[in-house]
1. When residues of region 178-190 are filtered for being surrounded by fewer than 24 Cβ atoms within 10 Å (Cβ to Cβ) and closer than 13 Å to residue 93 by Cα, how many remain?
2. Can you pull out every residue in region 201-218 that is without any contact (Cβ under 8 Å) to a residue 12 or more places away in the chain and open to solvent by 70 Å² or more (accessible area, probe 1.4 Å)?
3. Mind counting the residues in region 136-175 that are small (Gly, Ala, Ser) and within 17 Å of residue 73 (Cβ to Cβ)?
4. Are any residues in region 91-119 open to solvent by 10 Å² or more (accessible area, probe 1.4 Å) and farther than 30 Å from residue 129 by Cβ, and if so, which ones?
5. Of the numbered conditions (1) exposed (fewer than 15 other Cβ atoms within 10 Å of the Cβ); (2) in contact with an Asp or Glu (Cβ under 9 Å, 6 or more places away or on another chain), residue 198 fails exactly one; give the number of that condition.
6. List every residue pair whose Cβ atoms lie under 9 Å apart, where the two residues are 6 or more positions apart in sequence or sit on different chains, the first residue falls within region 82-101 and is of a type in the set (Ser, Thr, Tyr), and the second residue, located anywhere, is in a helix (DSSP H, G or I) and open to solvent by 10 Å² or more (accessible area, probe 1.4 Å).
7. Considering only residues that are open to solvent by 10 Å² or more (accessible area, probe 1.4 Å) and small (Gly, Ala, Ser), which ones fall in region 131-158?
8. Can you tell me which condition residue 167 does not meet? The list is (1) of a type in the set (Gly, Ala, Ser); (2) assigned to a helix (DSSP H, G or I); (3) surrounded by fewer than 16 Cβ atoms within 10 Å (Cβ to Cβ), and all the others hold.
Amino acid sequence: MYSENMLTRLLTIGHMALIILHLQLSACHPLTSGPRYEARGITTSHRYPTRELAGITVIDTPLVRSAQAFALAHSSSTTYNHVMRSWLFGALMVKNNATLQRTIDLEIQAVSALLHDLGWDQTPSSPIISPDRRFEVDGAIAARAFLHDHPHGRKWNERRVQLVWDAIALHTERALNYFKEPAVRLVSQGISLDFETAEIAKATFGIPISEYQAVVAEFPKEGFKQALNETFVWLCREKPGSTYSETKTDTWMQPWGDRYVDGYNSSANLRIDIIDRNLP
């Protein structure tokens, strides 16, 4: 049997050996893209490499770089600028909130924001787009497949993958996602800031006006309103069943179909009509 003093000495020696091993590994695998950033999340706590975008220090892992490239490959220029702004506005929220700094998994936030509008991919025969699902669900399914296919994404546990799925699938449903996990809520809030002004971002989340404006300068909003209208009209035309309000899909895009798409008919697809038709 070891004495108490002997056990203490052994534990101390073991602890020192772990420290030396950690330092040796750090020397062998330095982070070269920027300063290291401590990112604590629900399921992970480790240091990430960083870089600067629009004057903001952001996470810079291979997975985030790949998500950015994947978004670019499946987006128009206006959509790509939108998802980049959404990511950076979320990053600014974290920067200006000590609680978020302690709780948000930055990789989840980045990947979710970058991939949240994959369901807008208008490439002919896009494998992402279904004939009948809401665009948010198409995007969530594509993001999950992206993570499962990526060598670094395959190292994620399913809890992190599920948070990305939820953040994307629910990003337009503020009445739901604002009561979900902090990462899910943050992604939606960052996206919503792209539809607000710098003054509202400052008043609501304490983001300095100059920092908001720097993001917009780097990834401009020009043409965004027209692109949104064209995208929603495309969705109403190509898969109207996924856009009717007050149906089993319960979305908010129906007015674009009513106003701009010839032959679009939501009158028989309202929830009240379905109840009247199907219940005795």
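1. So the count comes out to 3.
2. Across region 201-218, the qualifying residues are 202, 203, 204, 210.
3. At the first step, the residues of region 136-175 found to be small (Gly, Ala, Ser) are 139-140, 142-143, 145, 153, 167, 169, 175.
Applying the additional criterion that residues be within 17 Å of residue 73 (Cβ to Cβ) yields 139, 142-143, 145, 153.
Adding up the residues that qualify gives 5.
4. 95, 96, 97, 98, 99, 100, 101, 102, 103
5. Going through the list (1) exposed (fewer than 15 other Cβ atoms within 10 Å of the Cβ); (2) in contact with an Asp or Glu (Cβ under 9 Å, 6 or more places away or on another chain), residue 198 breaks only (1).
6. Between residues of region 82-101 that are of a type in the set (Ser, Thr, Tyr) and residues that are in a helix (DSSP H, G or I) and open to solvent by 10 Å² or more (accessible area, probe 1.4 Å), the close pairs are 86/192; 99/182.
7. If the condition is that a residue be open to solvent by 10 Å² or more (accessible area, probe 1.4 Å) and small (Gly, Ala, Ser), then 142, 145 are the ones that fit.
8. So the condition that residue 167 fails would be (3).
The values are calculated or read from the model by the stated rules, or taken from the named source; none is laboratory data. Model, not experiment: these values are computed from the prediction. We place every Cβ from the backbone using ideal geometry, glycine too, and count neighbours over all the protein chains shown. Heavy atoms of the whole protein, side chains included, go into the accessibility calculation; ligands, DNA and RNA do not. Shrake-Rupley method; radii C 1.70, N 1.55, O 1.52, S 1.80 Å.
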